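The values are calculated or read from the model by the stated rules, or taken from the named source; none is laboratory data. Everything quoted here is computed from the prediction, not taken from an experiment. Every residue, glycine as well, gets a Cβ built from its backbone with ideal geometry; the counts of neighbours run over all protein chains shown. SASA here: full protein model, heavy atoms, side chains in, ligands and nucleic acids out. Shrake-Rupley method; radii C 1.70, N 1.55, O 1.52, S 1.80 Å.
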Amino acid sequence: MAAATAVVSQRGSKMLQGVFSELWLVTCTLDASSAAAGAQTTSDTITVPGVAVGDMVIGISSTAEVAASPIIRARVTAADTVVIALISGTGVTADMASGTFKLVIGRPAF
């Protein structure tokens with residue numbers, strides 16, 4: 001299991017006022033696990049203080065080089081925990097180099 005390092009997050013409520021009661025802007029360095037051909041990883045975690053199940057990962061980006069064009073998704077799975085999944089929909093193993101990931105996480109106000 002790979003764990004994120006050098007995690008920096010910002011918390012605020014000025015952006016998208018009325019839609020989200022809280023927002024987190026998260027930056028971390030991660031060497032994501034490889035996903036075998038046709039498989040998915042779910043072992044890469046980021047600790048983000050304050051997030052809770054029901055919060056939405058609005059967006060995710062990465063500076064990492066990506067082999068096999070996988071799908072990258074993230075979700076809040078427990079208090080203070082976000083899991084990044086790498087999904088290889090091709091017949092090739094998806095492997096990412098270490099890189100910087102950026103996430104926007106929001107707590108719906110409704």
Restricting the first residue to segment 76-101 and requiring it to be without any contact (Cβ under 8 Å) to a residue 40 or more places away in the chain and small (Gly, Ala, Ser), which pairs with a second residue that is part of a loop (DSSP other than H, G, I, E, B) and open to solvent by less than 40 Å² (accessible area, probe 1.4 Å) meet a Cβ separation below 7 Å and a spacing of at least six or different chains? Ala79/Ala52
The correct count of residues that are open to solvent by 50 Å² or more (accessible area, probe 1.4 Å) and in contact with an Asp or Glu (Cβ under 6 Å, 6 or more places away or on another chain) in segment 19-38 is 1
Please work out which one of (1) touching a Gly at 6+ places or on another chain (Cβ under 6 Å); (2) open to solvent by less than 60 Å² (accessible area, probe 1.4 Å) is the condition Ile58 fails and give its number. (2)
In segment 3-18, is there at least one residue being open to solvent by 50 Å² or more (accessible area, probe 1.4 Å), more than 12 Å from Gly106 (Cβ to Cβ) and modelled with pLDDT of 90 or more? no
In segment 88-106, residues that are among the aliphatic types (A, V, I, L, M), open to solvent by 40 Å² or more (accessible area, probe 1.4 Å) and either at pLDDT 95 or above or in a strand (DSSP E or B) (or both) total 1
Within segment 65-84, identify whether any single residue is surrounded by 14 or more Cβ atoms within 10 Å (Cβ to Cβ), of a type in the set (A, V, I, L, M) and assigned to a loop (DSSP other than H, G, I, E, B), and answer yes or no. yes
Report yes if some residue within segment 38-46 is among the acidic types (Asp, Glu), assigned to a strand (DSSP E or B) and free of Cβ contacts under 8 Å to residues at least 60 places away in the same chain; otherwise report no. yes
